[in-house]
Structure formats: C-alpha cells, structure tokens
Amino acid sequence: MFPDNNWYSHKEILNKYIKNSIKTYHASVQHGSITHSYDKNFGRILFPFIKYLVWNKKAYKICKKNGYENAEIIGAPFIYLDKLMKSQKFIINKNSYLIFIPHSGEVAPSDGFHHEKFINYAKKNFKGSLTACFFYKDINKNLTKLYKKHKIKIFSCGKRNNKKYLFSLYKQMRIHENIVITLLGSPLFYSLYLNKKTFFLKDF
C-alpha cells in the first residue's frame, strides 16, 4: 500500500463510490494533473506487480512509452466525487470568488508568489467576497495577517492525508460563484468540469 493513496481523500472517494471499505489498495493512484512535463520515470512504481491508476490516455501512453506496462486509466477521483455529491444542494454565494494560491508542491514555489501585488490586483478586478485557498504548509502568521488586513478570507483543506480533503474543497468550489486560478494545475480542470466561471491568471 502506498501511503500517498491516502492523500487528498482519493482512497476515501473510491471506497464510497464502490460502496466498500477497502483498507489496502494494491495499486498506486495518480495524484494531480500532470500539466508541465512527463519524465522518463513517469509510471515507474516500486512493486511491478501492482497497477498504476492514471487519469487519462496521455498519462497511460507515457507509461507505455517509458516501458511500464502496469498503467490503467480510471479518470480523476474528483469525477467520482462529483457523482457522489451531485444530489446535494449547495447555495451559491453571489459575487463570491474562491482564489487558488500557488502552493509549495508546484513548479512555482509559494515563496515566489507576489502576495501584495496579487491582493491589489484581486481587490481591483474582483468585486465581491474573496476567499484565498491555501495549502496547509504555506499558511503562516504573516500571510494570515496580510490577507485579513485586506478583508480576504483564508481557507485550507487541512493536511493532505485528511480523509475529507477533496470533499471540503468540492464544497467550497460549489458554493462560490467564481473560481480564480493563479497556476496551471488540477483546480483549473476541476473548475471547468463544474462549469464554474473561471479566471486563469498567469502573471503572478
């Protein structure tokens, strides 16, 4: 069992979808969309006799190209989560914006993000209630103070092994009218999948 199968609620979502409670998946689940590059090691896992569960055909083909035959396409766990949550009613907050701040696990490290510049831009261009979504590792007292000073709420899904991580994120995306993306990654595709009004800002 790979510990990262517990990240971002992926195992929890898959278990709920199949109405089972599997403690150990004899597979490794892809975490996050691959938006920048695939290297020659993509698809390589420690135990060759288990499956690597990938999101799409591109990832599958790269695995095959790299000589790893254990890939299998299941799609993003977010899709299964949406099917599980589809019947729930969410009240959308009008003129609300959920803003995804780049986090330390991305290509652009969070410490290179110009928070002051971005806050000024956001307040000028997005009129309404603003909520900044932070990765838990990147929240600190100075940033909390800075965003609160400008009356911007701060949200976090908690640690990545939180069983309700993606459930919590899903709810926030459903109740906000607009989604603002500051770095190419999974949240952009989640937002488009949910047919949200989506803003992609590449200048920060």
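Observations, loosely collected:
- Among the residues here, N195 qualifies as without any contact (Cβ under 8 Å) to a residue 40 or more places away in the chain, under 21 Å from the mean Cα position of the chain (by Cα) and farther than 19 Å from P102 by Cα.
- Evaluation of D203 against (1) at pLDDT 95 or above; (2) of a type in the set (D, E, K, R); (3) open to solvent by 50 Å² or more (accessible area, probe 1.4 Å) (one fails), failing number: (1)
- Filter pass, F167 being among the aromatic types (F, W, Y), open to solvent by less than 60 Å² (accessible area, probe 1.4 Å), in contact (Cβ under 8 Å) with a residue 60 or more places away in the chain and not in a loop (DSSP other than H, G, I, E, B): yes
- All conditions but one from (1) assigned to a strand (DSSP E or B); (2) in contact with a Pro (Cβ under 9 Å, 6 or more places away or on another chain); (3) surrounded by fewer than 17 Cβ atoms within 10 Å (Cβ to Cβ) apply to I179; the one that does not is (3).
- Selection status of R174, in a loop (DSSP other than H, G, I, E, B) and either closer than 14 Å to I99 by Cα or open to solvent by 30 Å² or more (accessible area, probe 1.4 Å) (or both): no
- Positions within the range 143-154 being surrounded by fewer than 14 Cβ atoms within 10 Å (Cβ to Cβ) and not in a helix (DSSP H, G or I), in sequence order: K151
- Check on S33, closer than 23 Å to N195 by Cβ and free of Cβ contacts under 8 Å to residues at least 60 places away in the same chain: no
- Restricted to the range 1-27, and to residues there that are hydrophobic (A, V, I, L, M, F, W, C) and touching a Ser or Thr at 6+ places or on another chain (Cβ under 8 Å), the residue that is modelled with the lowest pLDDT is M1.
- Leading residue by the ranking (surrounded by the most Cβ atoms within 10 Å (Cβ to Cβ)) among those in the range 184-200 that are hydroxyl-bearing (S, T, Y) and modelled with pLDDT of 95 or more: Y190
The values are calculated or read from the model by the stated rules, or taken from the named source; none is laboratory data. Source: prediction; values computed, not measured. Positions of Cβ are generated from backbone atoms using ideal geometry, with glycine treated the same way; all protein chains shown enter the neighbour counts. Please note that ligands, DNA and RNA were not included when accessible areas were found on the heavy atoms of the full protein model with its side chains. Shrake-Rupley method; radii C 1.70, N 1.55, O 1.52, S 1.80 Å.
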